[in-house]
1. How many Å³ per residue does the convex hull of the Cα positions in the range 1-128 occupy?
2. Could you give the length gained on full extension between HIS108 and ASP30, defined as 0.36 nm per residue of separation minus the Cα-Cα distance, in nm?
3. Nearest 20 debye, what's the magnitude of the dipole of the range 17-140 about its Cα centre given +1 on Lys and Arg Cβ and -1 on Asp and Glu Cβ?
4. Under a 1.4 Å probe, what is the accessible area of the range 1-136 per residue, stated in Å²?
5. For the range 84-140, what is one quarter of the convex hull surface built on the Cα atoms, given in nm²?
6. Just how far, in whole angstrom, is the range 101-121 from the range 50-79 if you go by their alpha carbon centroids?
7. Express the relative contact order of the chain as a whole percentage, based on alpha carbon pairs under 8 Å and six or more residues apart in sequence.
8. Net charge near HIS108, counting Lys/Arg +1 and Asp/Glu -1 over other residues with Cβ under 14 Å of its Cβ?
Amino acid sequence: VTGHALGRLWLASDAEDAGIILYLEDVAPDGQTSYVTGGRLRALFRKTAPAPADYPHTGPWHPMGVADAELLAPGEPTLLEIALMPTSWLFRAGHRIRLALAAADRDHLARLPFGRSPLLAILRGGARASSLTLPVVPRR
């Protein structure tokens, strides 16, 4: 896996905003977990747009301006596209790939709405199936 992974999360929340953090992990057969990479997005700034021509960028571009902010409608499914930081990682035979999700991280993203964690439902099937796209490079 070399490059930027992309998480496409269809979720419903009981709150109007949420901080979402994705962690891509390597799980060894003995259960030992290694962090591979991660990405984060505040749901309020989920809007995507073409990246500016003079700004090299990979993955969905989130303008994050005041005019781009949009609250979540509680209970309504919403798509969040989250690019993970670039990585180059070899998942060995017998290992599993895990995508973990958090709604806060002590060092990087506070609980939103402030002071409590939202109740999130991740959709997994049909037209609103959440997915993870990995940049797989064949071994030579």
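The values are calculated or read from the model by the stated rules, or taken from the named source; none is laboratory data. Everything quoted here is computed from the prediction, not taken from an experiment. Cβ placement follows ideal geometry from the backbone for every residue including glycine, while neighbour counts extend to all protein chains displayed. For accessibility, only protein heavy atoms count, side chains too; no ligands or nucleic acids. Shrake-Rupley method; radii C 1.70, N 1.55, O 1.52, S 1.80 Å.
1. Details: hull volume 17.9 nm³, N = 128.
Spread over its residues, the Cα hull of the range 1-128 gives 139 Å³ apiece.
2. Numbers: separation 78, 0.36 × 78 = 28.08 nm, distance 2.91 nm.
Difference between extended and current length: 25.2 nm.
3. Working: 14 positive and 11 negative charges, 74 e Å.
Charge dipole, the range 17-140, about its Cα centre: 360 debye, nearest 20.
4. Working: 7890 Å² over 136 residues.
About 58 Å² of surface per residue is accessible.
5. Numbers: hull surface 26.3 nm².
Taking a quarter of the hull surface, the average projection is 6.6 nm².
6. 19
7. On the way: 305 pairs, mean separation 60.5, N = 140.
Relative contact order of the chain: 43 percent.
8. That works out to +2.
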